[in-house]
Amino acid sequence: MLRSLRSLRFRLTAFFLAGVVVAGLVAAAISFQLIQTYTLKRARADLNREARGVTQLYASRVLSRRKNQASYQDLERATGDRLFWIPSSPALALLPRDEVPSLPRISRRLVPLKQLQQGQTAEFEFTPAGEKRTFVAVARPLSVTKQNLFFGAVVVARPKDALGNQVGPLLARLALALLGGLVVAALLGLYLSRRITRPVLQLSNVADEIAAGRRDVEVPEVRGGGEIGHLADRLREMTVRLSESEQRERNFFMSVSHELRTPLTAIRGHVDALREGLAEDPELRAESLEVIAAEAGRLERLVGEVLDLAKLEGHRFALSREEVDMGRLCDRAYATFTEEARRRAIDFRHETRAKPVIVADGDRVLQIITNLLANAFRWTPDGGRIELELHAENGAVGVSVADNGPGIDFEDQERIFRAFWSLDGSGTGLGLAIARELAEAHGGRIDLESAPGHGSRFELVLPGEPAELF
């Protein structure tokens, strides 16, 4: 139960309904205030109209000297409101006694007398003597002479609580409408929350399965795109990358195991031979020691590559700053592979179009070029062609290595720079990964142009100006 109350679906629906309720209450409060204001305004307009009519009736009675006019009780029954009289003592003496309005009188202190004496209609509220209810009233001055003398004022009043009786039915209807709106909002909230949370819950289940170690889980398609669709796409991409990463790690362990086992087997065999005295001939002993030294160097390079990659990816790799003659550096790299090129009958060419000097870590730049050449010699068949070229233009220095090997598919051109990944699944897959990391550490990059059946061209691009080295 508690878990369901904490669910996204319940909270979305609850927040939606809470928002609707708050909005409804605010709208109801504003509506109530507007209705009250409108009702009071309408009541005053009615009272003003009635006061004008009653005042004209009394004025015409006085002027025409007509008798037997309707009593004030009849007028009250006709209008539905209360009638009162505000006398003016000085002018009232000019009227015959029987022509003075026979209405209940109210104190002059309760009304804006000055406004009435100026011939203006007055709106006010008062409580009659002997009563507890407050009345909304309109007073209209009575003038029956050409001099417009103020004889008094006729007051038409209506109990203020009677206005509430008019507002009550409206409020009841408003409450009913609010209740209906809440029901509709609840149904709409349930539908929307279900539609929103369903893909979120599916993605949550997928994430749980991924966290449990499954990589073959299928990420559902989310219709309509948006943020949830973007989340699904990223989760799908993350799953693919995790699967590829684990596959690379498996390949790496297999490759490293193989790479370690081969030299270790050779070393152990020669050590056993030396221990058992099977290699007593000085030449055989020297040959065994050379093999042991070579295989130990191979192991050292493999461990060094793994450590270098870890440091580069963690940005804990320190590079030295020195002036580097790129022409001499390329000559050293070329000389390293000339013997292998001769042995395999590979047309290995070296072209120098410029001899720039840059500020960089010379040993690491040489390592980049060596790794690119090693990759080219690995994939170039015997009798093939490899070209090493040095050039400089637009403030940058470029070293390109081109071969006529099998080429690389477009979808694999980014993967080959990932650690522990290789096209044929053999080797450690560290050479190009280290080369790219070192190039970026120097503020440069490695570009690749390749197509299946047309060979490959790798180009190391370094800034001609000194760059920040980490």
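The values are calculated or read from the model by the stated rules, or taken from the named source; none is laboratory data. Because the structure is a prediction, the values reported are computed rather than measured. Only protein heavy atoms, including side chains, enter the accessible area calculation; ligands, DNA and RNA are left aside. Shrake-Rupley method; radii C 1.70, N 1.55, O 1.52, S 1.80 Å.
A few notes on this one:
- C-alpha center-to-center spacing [the stretch 437-463, the stretch 111-135] in angstrom: 97
- By accessible area, using a 1.4 Å probe on protein heavy atoms only, the stretch 313-378 has 43% of its surface on carbon and sulfur.
- Less than 5 angstrom separates the built amide H of His350 from those of Leu388, all sequence-distant by 5 or more or on a different chain.
- Sequentially through the stretch 105-113, phi angles give Karplus couplings (6.51, -1.76, 1.60; θ = phi - 60°) of 9, 10, 5, 5, 6, 8, 10, x, 4 Hz, Gly and Pro residues having no value and appearing as x.
- Å² of accessible area per residue within the stretch 318-470, as computed with a 1.4 Å probe and no ligands counted: 48
- Paired Rg and Dmax values of the stretch 365-456, which use every Cα atom, in angstrom: 13.0, 39
- Aspartates and glutamates whose Cα lies under 19 Å from that of Lys132, excluding same-chain neighbours fewer than 8 positions away: Asp81, Asp161
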